[in-house]
Amino acid sequence: MAKQYDVAVIGAGAAGMMCAAVAAQQGKHVVLIDHAGKLAEKIRISGGGRCNFTNINAGPQNYLSQNPHFCKSALSRYTAQDFLALVKKYRISHHEKHKGQLFCNDSAEQIIAMLRAECDAGSVEWRMPCKVAGVQKLETGFSIDTDGGELLVDSVVVATGGLSIPKIGATDLGYRIAKQFDLKLVETRPGLVPLTFDGPSWEPFVPLAGIALEVEVSTGSAKGKGNLRGHFREDLLFTHRGLSGPAILQISSYWQPGTPIVLDLLPEMDVAETLIGLKKTEKKQLGNVLAQWLPARLADGLLTANGFDPAARLPDMTDAKLRKLGDAINRWAIVPTGSEGYRKAEVTLGGVDTKELSQQTMMANKVPGLYFIGETVDVTGWLGGYNFQWAWASGVAAGLAL
Ligand code: FDA
């Protein structure tokens, strides 16, 4: 049977639409397949509905992968400035919010409409909603088994994303296709996710839900290969089940179960030295002293959790005790029980091992014509527009190579 399409892109999310548009505008006959009823739900809900579509500072240093060098080629060939130029061409008004993060002023729908228009400019054909049961390699090209019948194509691009937020259509199809073709996978786990805590040591912090403050947070070791150590200065939020906020989402991607995260709740201050200096002149109660710098409820919670009486007076404390208190504030090491999981995770860490792919084209080295892009690949960005930039860049890399 004759081939129906040059290319089938499976997954019409961020990476898939970008790839389909680029390949089609290069003259390829492209079919874009997605099982969802609604187009690009993740883009729609991203950035609180305003889509943090890129980060002007995006570079390889903002990504986690077993091979931190893999993303360099795609990111340098399609930069945040390139995507911004497209956004400007479509006159989508936008603003920089925080640390290079670019958001739409109005709605994430504008990014979806832009990508759809780019696909239409190349006459991409849509199969949606359409379920993909499997992909088979033929002597030349591939056969795709869908609930709308079989499709015969020269090349297949897998852009089915990660496992995060299953209720809006995330599946493991990309990983299953990789396994079927004997491609290695890096173990997957939720990333950019709130961390949970339980047990008696967390009890004093349960009533603190809702408190937010800027902190420094770190985890892991700087020794060894790969991205093992994370360190961020961002906002922390106490929740009913544990900790969240940008600081925790960022560090969660670096956190390994069973190990601590270390929080500095007053990064501008050496708390022990300040208290030791103050006790010569200050007669206040400990709780009131700390409440000058920290939310009062948090100050009391920290004191109680560390065995201090918030009503104790500063001059009555020994230097050794104040050093212990300083450590509890500047170097608070706590071991999360777990995370909120894929239900709440913004991304999936791990995925198709980059050793299996060409960094120039994203094609599987041992399966000519089979490509993996976006979140299915073991490249995961920080919070702040970096994940979309990887989706665009890897989509363009494959789109140009097809
Ligand atoms: P994506 O998930 O976008 O697309 C995959 C597509 O494949 C989906 O359309 C899905 O329906 C389809 N699919 C899956 N299985 C299939 C199957 N079996 N058959 C057919 N189709 C199938 N990033 C960022 O940079 N800035 C931000 O503001 C945010 N905000 C954000 C908020 C929330 C709540 C989440 C969950 C995530 C973010 N992200 C983000 C992350 C970002 O959304 C994510 O990294 C990209 O969407 C990944 O793009 P992909 O194209 O790889 O997957």
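Charges were assigned to the Cβ only: +1 to each Lys and Arg, -1 to each Asp and Glu. The resulting dipole of the chain about its Cα centre is roughly 380 debye. Bridgeable aspartates and glutamates around K280 (alpha carbons under 14 Å apart, same-chain partners fewer than 8 residues away excluded): D316, D319. Our coupling estimate for region 48-53, obtained by passing each phi through the Karplus curve with A = 6.51, B = -1.76, C = 1.60 and θ = phi - 60°, is x, x, 10, 6, 7, 6 Hz, Gly and Pro reported as x.
On the beta carbon distance between D147 and D106, with R0 = 30 Å, the FRET formula returns roughly 0.25.
Relative to the longest principal axis of the Cα atoms of the chain, the long axis of helix 109-121 makes an angle of roughly 20 degrees.
The angle between the Cα long axis of helix 80-89 and the main principal axis of the chain comes to about 70°, on a 0 to 90 degree scale. Under 16 Å of direct C-alpha separation, and excluding same-chain neighbours fewer than eight residues apart, K137 reaches these lysines: K3, K179, K366. Which pairs break 29 Å Cα to Cα here: K89/K344; K28/K167; K28/K355; K99/K131? In this structure, K89/K344; K28/K167; K99/K131 exceed 29 Å between Cα atoms. Note on D270/K97: beta-carbon distance plugged into 1/(1 + (r/R0)^6) with R0 of 30 Å gives a FRET efficiency of 0.45. Between D327 and Q66, full extension at 0.36 nm per residue minus the direct alpha carbon distance yields a gain of 90.6 nm. For region 125-141, backbone phi angles converted through the Karplus equation (6.51, -1.76, 1.60; θ = phi - 60°) give residue-by-residue couplings of 9, 9, 10, 6, x, 8, 8, 9, 8, x, 10, 10, 7, 9, 4, 10, x Hz, Gly and Pro being listed as x.
Dipole magnitude for region 191-345: about 240 debye, using +1 per Lys or Arg Cβ and -1 per Asp or Glu Cβ, origin at the Cα centre.
The alpha-carbon of K284 sits under 23 angstrom from the alpha-carbons of these lysines, leaving out residues fewer than 8 places away in its chain: K321, K324.
In terms of its C-alpha gyration tensor, region 247-401 comes out prolate, because a/c is 1.5 or above and the ratio a/b outweighs b/c.
Among I45, I144, I211, the ranking by other beta carbons within 10 Å of each residue's beta carbon, starting with the fewest, stands as I45, I211, I144.
Counting only DSSP H runs of at least 4 residues, each contributing -39500 (n - 2.57), and dividing by the residue count of the chain, the helix-based mean residue ellipticity at 222 nm comes to -8000 deg cm²/dmol.
A run of the chain free of exposed loop cleavage sites, with GluC sites (Glu not before Pro) counted only in DSSP states other than H, G, I, E and B and at most 15 other beta carbons within 10 Å, reaches its longest extent at 1-138. What's the angle, to the nearest 10 degrees (0 to 90), between helix 296-305's Cα axis and the longest principal axis of the chain? It is inclined by approximately 80 degrees. For the chain, what does the alpha-carbon gyration tensor say about shape, rounded, prolate or oblate, given a ≥ b ≥ c as the root eigenvalues, a/c under 1.5 as rounded, and a/b over b/c as prolate? Cα axes put the chain in the prolate bin. From the square roots a ≥ b ≥ c of the eigenvalues of the alpha-carbon gyration tensor of region 55-159, which class results: rounded (a/c under 1.5), prolate (a/b over b/c), or oblate? Oblate, because a/c is 1.5 or more while a/b does not exceed b/c.
Approximating the spin labels as points 7 Å out from Cα along Cα→Cβ, the A209-to-S358 distance works out to 5.2 nm.
No value in this document is a laboratory result; all are computed from the given coordinates. None of these values were measured; they are calculated from a predicted model. Note: ideal-geometry Cβ built from the backbone for every residue, glycine included; neighbour counts use all protein chains shown.
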